[in-house]
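Take this structure, written in structure tokens, and hold onto it; I'll ask about it next.
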Amino acid sequence: MKIKSIQIENYRNISALSTDFDNVNIIWGENAQGKTNLLEAIYLFSGEKSFRGARDKELISFNKSNARLKIEFVADNREQFAQIDIGNKKTASLNGIKKRSATELGSVVKTIIFSPDHLNMIKEGPAERRKFVDGALCQIKSSYRNLLKDYNRSLEQRNALLKKAEDVTAVEPMLEIWNVNLASLGAKIIFQRMSYLKALKPYLEDIFSGISEGRESIELAYIGSDTYEFDVDDIEHKLYEKLKSHTRVDVLNHTTTKGPHRDDIEILINGKSVKTYGSQGQQRSSVLALKLAEASLLKEMTGENPIALLDDVMSELDEKRQDYILNHIKDLQVFITCCDKEAVLKLKKGKTLHMQNGALPEE
Ligand SMILES: Nc1ncnc2c1ncn2[C@@H]1O[C@H](COP(=O)(O)OP(=O)(O)O)[C@@H](O)[C@H]1O
Ligand SMILES: [Mg+2]
């Protein structure tokens, strides 16, 4: 897919902006000018919340009550347009037809995003790695998002019960209902995550071997509350048993200690955990490989090339890795933010957009 143009009103520090895009777009300028804000605005069309974890309200310009974003794009071989309005609520439309929620735009607009935060994906806790797999799955099938929602709702209910519980016997019958429910929903989540990692594997191996020039091999392992077979019934059964056997622990902790909300994905290079043993370079290469593999798999599963958003990552990578990314995503439309446009232009020709104080004056 390709975004042809964008119009922005009252979004963060961008009060009014309208521009066309090319295949390669280099958004450059000094710090705090609005480069990431522009990328974030594009990203919202993929149906996700801000990648900086901001709440919708925070996206509206200070002292304004509504933000409006519009894009024209080509996807599914036809010209389309979409709009997002953020006021008291966030609303969205696609080709003039109102959607039930902005999330639904995600079934048409696909993106992959690299930011310096993603380079920390290895070092941080499991939440970041779960977010990677869950985010990727949501872009492939919207039913996965509903599944996560249902699971989280049940989890909240079980936790609410645990918070009030004073002794185990009093709450056990109620907890049992949630154990059955969470095991069933949780097993579906875990099975889909495991399936995703399986599908990602060939792409990941190929790309990682490319980045490391064939010297190293990468592997992913799903770390759950138990050792699961690649079988949804086996997962459900084991998860149910775990929840049941941890009732006492959960009552003491006032929270649910087992289940996919606690799972992790271990990344191994040459069989060793990259989190524990990997060098800086290996950690960066593995995140890049994961992201690029995500793009390839997204393309295979949806038939559409995602848009690549590279926020400030070029300066963090050595030239060899910069070159590898740009070559690998050469079929994708790409948006790159940076301070020094010359450094990027050396590697890739493209349209340059000079962001100054939330605006793009003529260059
Ligand atoms: N809701 C908002 N309204 C107005 N300005 C905002 C809002 N949120 C963030 N900003 C401003 O946006 C600027 C940061 O923009 P950003 O895109 O992160 O910069 P960079 O060009 O470094 O990527 C800061 O000056 C910040 O104060
Ligand atoms: Mg920035």
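Tally Lys and Arg at +1 and Asp and Glu at -1 over the other residues with C-beta under 13 Å from the C-beta of A32: what net charge comes out?
0
Using a Gaussian network model of the chain whose springs link C-alpha atoms within less than 10 Å, name the residue from K163, K351, K258 with the highest mean-square fluctuation.
Among K163, K351, K258, the largest mean-square fluctuation in the Gaussian network model of the chain belongs to K163.
Any chance you could run the full-extension gain for D231 through N77? It's 0.36 nm times the residue separation minus the Cα-Cα distance, nm to one decimal.
On the way: separation 154, 0.36 × 154 = 55.44 nm, distance 3.73 nm.
Additional length available on full extension: 51.7 nm.
Per DSSP H run of at least 4 residues, take -39500 (n - 2.57); add these up for the chain, divide by its residues and hand me the 222 nm value, nearest 500 deg cm²/dmol.
-14500 deg cm²/dmol
Please list the helices of the chain that count as membrane-span-like by this rule: a mean Kyte-Doolittle hydropathy of at least 0.5 together with Cα atoms stretching 24 Å or more along the helix axis, each helix being a complete DSSP H run.
In the chain, the long hydrophobic H runs are 168-211.
Can you give the net charge of the other residues whose Cβ lies under 10 Å from the Cβ of Q192, counting K and R as +1 and D and E as -1?
The answer is +2.
Please list, or write none, the lysines whose alpha carbon is within less than 16 Å of the alpha carbon of K275, excluding same-chain residues fewer than 8 places away.
Leaving aside lysines fewer than 8 places away in the same chain, those within reach of K275 are K123.
Next question, about the same structure. If Lys and Arg each add +1 and Asp and Glu each add -1, what is the summed charge of the other residues whose beta carbon sits under 14 Å from the beta carbon of S217?
Once all neighbours under 14 Å are counted, the net charge is -2.
Would you mind getting the Kirkwood hydrodynamic radius of the range 53-159 from its Cα pairs, rounded to one decimal in Å?
16.3 Å
Something else: What whole-number distance in Å separates the alpha-carbon centres of the range 123-158 and the range 199-249?
Between the Cα centre of the range 123-158 and that of the range 199-249, the gap is 15 Å.
Determine the alpha carbon to alpha carbon distance for each of K110/K351; K49/K346; K35/K141; K4/K320; K35/K90 and list only those over 28 Å.
K49/K346; K35/K141; K4/K320
If we restrict to alpha carbons, what Rg and Dmax does the chain come to, in Å?
Expressed in Å, the Cα Rg and Dmax of the chain come to 22.0, 71.
Just want to confirm a number: the relative contact order over the range 225-363, from Cα pairs under 8 angstrom separated by 6+ residues, in percent.
This gives 13 percent for the range 225-363.
Measure up K2/K299; K2/K57; K201/K242 against 20 Å on the Cα-Cα distance and list the ones that go over.
Beyond 20 Å between Cα atoms: K2/K57; K201/K242.
Between A160 and S101, what's the calculated FRET efficiency when r is the beta-carbon distance and R0 is 22 Å? Round to 0.05.
Once the sixth-power term is evaluated, E becomes 0.30.
Bear in mind that the values in this text are calculations on the coordinates, not laboratory data. These figures come from a predicted structure and were not determined experimentally. Virtual Cβ from ideal backbone geometry, glycine too; neighbours counted across all protein chains shown.
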